[in-house]
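Chemist: To start, I am sharing the structure in question, which I have written as structure tokens.
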Amino acid sequence: MAFNPKYTHLFFDLDNTLWDFDFNAKVAMKETLANIKLENQIEDFDRFYDDYDRINSQLWEAYRNRQIKKSDLITKRFSDTLKAYQIRGVDPIAMNELYLDLMGQQTKLVDGARPVLEELHKRNFRLQIITNGFRDVQHRKLVNSGIAHLFQQVFCSEEVQFAKPDPRIFSHAIRSSNAKKQKSIMIGDNWEIDIIGARTFGIDQVFLKTNTIPDTPPTKNTPMPVDFDNSTTNTTLQQTFCVEKLTNILLIV
């Protein structure tokens, strides 16, 4: 009897789902500060990075909501951080370009990412990426990390013109992949952006619980941190799976 998997098309988020953004971004930031000779002006790197991360996250939210443009995001995330530390004489645009260049050179993957992807590829699943990152940087991450060849398509919000959790980016990815919604599943680490976005569009989801579930009142549709065997949650149309390790995806699909 031929093997008939529940899913044929697997749509992955990239940052912190496959590519270890938290680790790689810090390395890239340290290298950036060293390159422009700022490390001696910053006494506490972790505090500096946390302040940058907070500013950057706020700007990314505004960018996703179409309240600011890409040019505002890439300028203000550094200009606002440097201003908070009273650091002058640094071009924020040049600093951003250096940071993104160094970011794309980092290669650390989330634990289990490579063997899971290779196994899924061997099983002939059609693997895709849906990411809110900038196109050039995201593609360099995939290439330099040695996993680009495992994916058939990469859908970046910058190109699609819609960012997760907007259902239109999921719709574009499904149509462009010639996939069926009932045979597709989204895998991501961000509850609001990946999981709610995919659920709203109408496909199943796998929530990679790397940290904590957001501080929202739990409902019957909220996946809780439980053992894998009991980690499925039925909604009217879709299923939400909650896993703590990427390897558990092999048991779902």
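Nothing in this text is a laboratory measurement; each read-out follows from the coordinates by a stated rule. In this text the structure is predicted, and so the values were computed from the model without any measurement. Virtual Cβ from ideal backbone geometry, glycine too; neighbours counted across all protein chains shown.
Chemist: Pairing the Cα long axis of helix 21-35 with the longest principal axis of the chain, what angle in degrees results, from 0 to 90 and rounded to the nearest 10?
Modeler: 20 degrees
Chemist: May I pose another question? What is the distance, in nm, between label points placed 7 Å from the Cα along the Cα-to-Cβ direction at residue 101 and at residue 61?
Modeler: Spacing of the two 7 Å Cα→Cβ label points: 3.3 nm.
Chemist: Right, next: Under 18 Å between alpha carbons, and skipping anything fewer than 8 positions from residue 37 in its own chain: which aspartates and glutamates qualify?
Modeler: Those aspartates and glutamates meeting the cut-off are 46, 91, 97, 101.
Chemist: Which shape class, rounded, prolate or oblate, goes with the chain when its Cα gyration tensor gives a ≥ b ≥ c as root eigenvalues, a/c under 1.5 marks rounded, and past that a/b bigger than b/c marks prolate? If you can, show how the numbers build up before the last one.
Modeler: Values: a/c = 1.92, a/b = 1.78, b/c = 1.08.
Cα axes put the chain in the prolate bin.
Chemist: For n ≥ 4 DSSP H runs only, could you compute -39500 (n - 2.57) per run for the chain, divide by its residues and tell me the 222 nm figure to the nearest 500?
Modeler: Numbers: 10 runs with 106 residues, N = 253.
Value at 222 nm, helices only: -12500 deg cm²/dmol.
Chemist: Determine ³J(HN,Hα), in whole Hz, for all residues of the stretch 200-208 in sequence, where each value follows from phi through the Karplus function 6.51 cos²θ - 1.76 cosθ + 1.60 and θ = phi - 60°; x replaces Gly and Pro.
Modeler: 4, 5, x, 10, 5, 9, 10, 9, 7
Chemist: In which sequence would 19, 60 go, from the one with the fewest C-beta neighbours within 10 Å to the one with the most? Intermediate results must be reported in sequence, preceding the final value.
Modeler: On the way: 19 28, 60 17.
If I rank by nearby Cβ atoms, fewest first, I get 60, 19.
Chemist: By how many degrees, 0 to 90 and rounded to 10, does the Cα axis of helix 135-144 deviate from the longest principal axis of the chain?
Modeler: 80 degrees
Chemist: Give me the percent relative contact order of the stretch 22-104, please, defined on Cα pairs under 8 angstrom at least 6 residues apart. Walk me through the numbers on the way to the answer.
Modeler: Working: 51 pairs, mean separation 30.1, N = 83.
It rounds to 36 percent for the stretch 22-104.
Chemist: To continue, here is another question. Which residue fluctuates most in the GNM of the chain (Cα springs below 10 Å): 202, 188, 89?
Modeler: Largest GNM mean-square fluctuation: 89.
Chemist: Further question: I need the calculated FRET efficiency for the pair residue 43 and residue 144, taking r as the beta carbon distance and R₀ as 30 Å, to the nearest 0.05. Provide the component values of the computation, followed by the final result.
Modeler: Values: r = 32 Å, r/R0 = 1.06.
Step by step, r from the Cβ atoms, then E = 0.40.
Chemist: Let me have the relative contact order for the chain, percent, based on Cα pairs under 8 Å that are six or more residues apart. Can you show the working numbers first?
Modeler: Values: 368 pairs, mean separation 54.3, N = 253.
About 21 percent, as a whole number.
Chemist: Can you pull out the trypsin sites (Lys or Arg not before Pro) in the stretch 2-95 that DSSP calls coil and that have at most 14 other Cβ atoms within 10 Å? Show your work: numbers first, answer last.
Modeler: On the way: sites: 6, 26, 30, 37, 47, 54, 64, 66, 69, 70, 76, 77, 83, 88; in loops: 6, 37, 66, 69, 88.
For trypsin sites (Lys or Arg not before Pro) across the stretch 2-95 that sit outside H, G, I, E and B with at most 14 neighbouring Cβ atoms in 10 Å, the list reads 6, 37, 66, 69, 88.
Chemist: Tell me the label-point distance for the pair residue 153, residue 90, using the 7 Å Cα-to-Cβ offset, in nm and rounded to one decimal.
Modeler: My value for the distance between the label points is 4.0 nm.
Chemist: Could you compute Rg(Cα) / (2.2 N^0.38 Å) for the stretch 22-104, with N its residue count?
Modeler: Expressed relative to 2.2 N^0.38 Å, the Cα Rg reads 1.03.
Chemist: Something else now. Listed here are the pairs 70/180; 76/181; 26/183; 69/245; 122/180; which of them are more than 27 Å apart at the Cα? Mind dumping the intermediate values first?
Modeler: Details: 70/180 32 Å; 76/181 38 Å; 26/183 37 Å; 69/245 35 Å; 122/180 21 Å.
The pairs that break the limit, which is 27 Å between Cα atoms, are 70/180; 76/181; 26/183; 69/245.
Chemist: How high is the relative contact order of the stretch 99-194, in percent, with contacts defined as C-alpha pairs under 8 Å that are six or more residues apart? Numbers along the way, then the final one.
Modeler: On the way: 93 pairs, mean separation 24.7, N = 96.
So the answer I get is 26 percent.
Chemist: Tell me the label-point distance for the pair residue 30, residue 123, using the 7 Å Cα-to-Cβ offset, in nm and rounded to one decimal.
Modeler: Simple spin-label model gives 3.7 nm for this pair.
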